[in-house]
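The values are calculated or read from the model by the stated rules, or taken from the named source; none is laboratory data. Because the structure is predicted, anything quoted here is derived from the model rather than measured. Positions of Cβ are generated from backbone atoms using ideal geometry, with glycine treated the same way; all protein chains shown enter the neighbour counts. Calculation scope for accessible area: heavy atoms of the full protein, side chains included, ligands and nucleic acids excluded. Shrake-Rupley method; radii C 1.70, N 1.55, O 1.52, S 1.80 Å.
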Amino acid sequence: MKIIIAPAKKMVVDTDTFGVDGLPQYLDQTQAILAQLRQLDYAAAKNLWHCSDKLARPNYNWLQQLDLQRQLTPALLAYSGIQYQYMAPDLFTAPALDYVRNNLRILSGFYGILRPFDGIVPYRLEMQAKLPVAGARNLYDFWGDRLYQALVDGAEPIINLASQEYAKTITPYLQNPDQLITIVFASLVNGKLVTKATLAKMARGEMVRFLAEHHALTTADVTAFDHPDWAFAADRSTATQLVFIYQK
């Protein structure tokens, strides 16, 4: 089983909690993206990032000095958004850490695809950012099928806990007998399923922790997700989509 998740905008440097296993697989491509970003003036970078001056200015200054091989943080700890806070990887047992090392992959606009203990540095770049690189119109075109090729290994299922923005790097390349199963965390509103972003991010993090702690290997293990706020809805699920409904 492979599990895919999205990165987070909020990042930290933590060189103490865990060591890194190595460098990201597509570091040469990341270097090309970095070179392209450094060609942007401040106004263009701020526009690409769609953020305030308060956020854009330090990110732009950091961009000029960023070193892809120094002061590295394991990817699993480098991201510190809601999903990662609720995952709480710094509290994982050794077996759970081994599980995510083997099964979890993080999709990234900057790095492509990351193993949990690949050493990375803070950056700001969403997959949907309209950044032309090396003749490609955008990051989706630039990465092409590389992320899919790095992810798929045999006929094991892929558990999709990523947002649509990031899952789109994999879905166009799926072929028989690939099995991608999307996990939906939603509330019932007037009889319809409605995904609320913050709740979904929290649940995705908790789901990763559950899968790691229970060494999940099958979709049945996924549907056994035991959380007081969420209930598996078998009647609303399909072979390619597992639905969990918020209980509050």
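Just a few scattered comments:
- Failed condition for I183, given (1) surrounded by fewer than 20 Cβ atoms within 10 Å (Cβ to Cβ); (2) more than 30 Å from L34 (Cα to Cα): (1)
- Residues of the range 168-215 satisfying the condition of being closer than 15 Å to H227 by Cα and among the charged types (D, E, K, R): K201, R204, E206, R209, E213
- Taken over the range 37-79, the criterion of being open to solvent by 20 Å² or more (accessible area, probe 1.4 Å), out of contact with any Phe, Trp or Tyr (no Cβ under 9 Å at 6 or more places or on another chain) and of a type in the set (S, T, Y) is satisfied by S52 alone.
- Inclusion of G112 among residues that are in contact with a Phe, Trp or Tyr (Cβ under 8 Å, 6 or more places away or on another chain), touching a residue at least 40 places away in the same chain (Cβ under 8 Å) and surrounded by fewer than 17 Cβ atoms within 10 Å (Cβ to Cβ) is not warranted.
- Considering the range 210-231, the residues that are assigned to a loop (DSSP other than H, G, I, E, B) and in contact (Cβ under 8 Å) with a residue 24 or more places away in the chain include one that is surrounded by the most Cβ atoms within 10 Å (Cβ to Cβ), namely A216.
- Hey, Y26 of a type in the set (S, T, Y), free of Cβ contacts under 8 Å to residues at least 24 places away in the same chain, within 21 Å of E126 (Cβ to Cβ) and surrounded by 16 or more Cβ atoms within 10 Å (Cβ to Cβ) or not: no
- Residue check, P122 open to solvent by 10 Å² or more (accessible area, probe 1.4 Å), touching a residue at least 60 places away in the same chain (Cβ under 8 Å) and within 23 Å of T223 (Cα to Cα): no
- Number of the exception - I159 against (1) surrounded by 20 or more Cβ atoms within 10 Å (Cβ to Cβ); (2) in contact with a Ser or Thr (Cβ under 7 Å, 6 or more places away or on another chain); (3) more than 25 Å from Q31 (Cβ to Cβ); (4) not charged (D, E, K, R): (2)
- Flag for A35 being assigned to a helix (DSSP H, G or I) and out of contact with any strand residue (DSSP E or B) (no Cβ under 6 Å at 6 or more places or on another chain): yes
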